[in-house]
Amino acid sequence: MRVSLIVAVAENGVIGHNNDLVWRLRDDMQFFAVTTRGHCVITGRKNYESIPDRFRPLKDRTNIVVTRNSAYNAPGAVVVNSLEAALEVAEKRGEEEVFIIGGGQIYREMLASGKVDRQYITHVSAAPEGDTFFELDYLEQGWSRIDLMRHDADDRNEFAFCVSRYDHNEQKAS
């Protein structure tokens with residue numbers, strides 16, 4: 001099973017502020033929906049709660065919510081207490097590619113685990129204020145980059161952005 005991470009990141013590393021997005025990029029949201037549809041998505045509780053109620057759980061995906069709160073209830077989603085348990089759920093469902101969709105702590109833990117095979121990163125041409133960050137420094141070694149699409153700012157997209165796919169250069173043992 002491929003473990004992929006998907007995130008939109010500003011030039012200053014910001015990915016969110018007050019548990020919300022810091023931009024409106026409709027074409028990036030469409031890319032996210034098309035890319036993750038039909039797959040398991042793993043999210044932390046705070047990130048899951050930041051999704052507007054009308055979109056929760058994310059449609060046409062198995063939503064797996066990671067939280068330390070064993071009493072947490074997320075109707076329509078699978079709730080687990082660790083990232084390892086989340087990956088096990090995806091594996092048992094026969095998932096070919098599972099997506100880590102945030103938030104900041106979940107991204108950090110998954111990258112530190114060394115289990116991420118692929119990253120879909122939307123590089124946003126902006127430097128907004130924020131309180132949640134994603135570190136891009138480690139991409140300098142060990143990852144190959146393919147640019148998938150570029151968008152200028154327009155009436156659908158507040159800022160210009162580029163979506164890139166990064167594949168880990170080392171083969172992982174199964």
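Each value in this text was obtained by applying a stated rule to the coordinates, not by laboratory testing. Everything numeric in this text was worked out from a predicted model, so none of it was measured. Cβ placement follows ideal geometry from the backbone for every residue including glycine, while neighbour counts extend to all protein chains displayed.
What the table shows:
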item	result
Exposed-site-free run, longest, the chain (rule: trypsin sites (Lys or Arg not before Pro); DSSP loop; at most 11 other C-beta within 10 Å)	69-171
Spin-label proximity, Asp27 to the range 95-121 - amide N less than 17 Å from point 7 Å beyond Cα toward beta carbon	121
The range 108-124-the range 4-28 distance, computed between alpha-carbon centres (Å)	14 Å
Spin-label pair Asp137/Glu49, simplified geometry with 7 Å Cα→Cβ offset, distance in nm	3.1 nm
The range 84-89 - phi-based ³J(HN,Hα) in whole Hz, Karplus 6.51/-1.76/1.60, Gly and Pro as x	4, 5, 5, 5, 5, 4
Extension gain, Ser144 back to Asp20 (0.36 nm per residue minus Cα-Cα distance, nm)	41.7 nm
Aspartates and glutamates whose Cα lies under 20 Å from that of Lys46, excluding same-chain neighbours fewer than 8 positions away	Asp20, Glu84, Glu109, Glu129, Asp131, Glu135
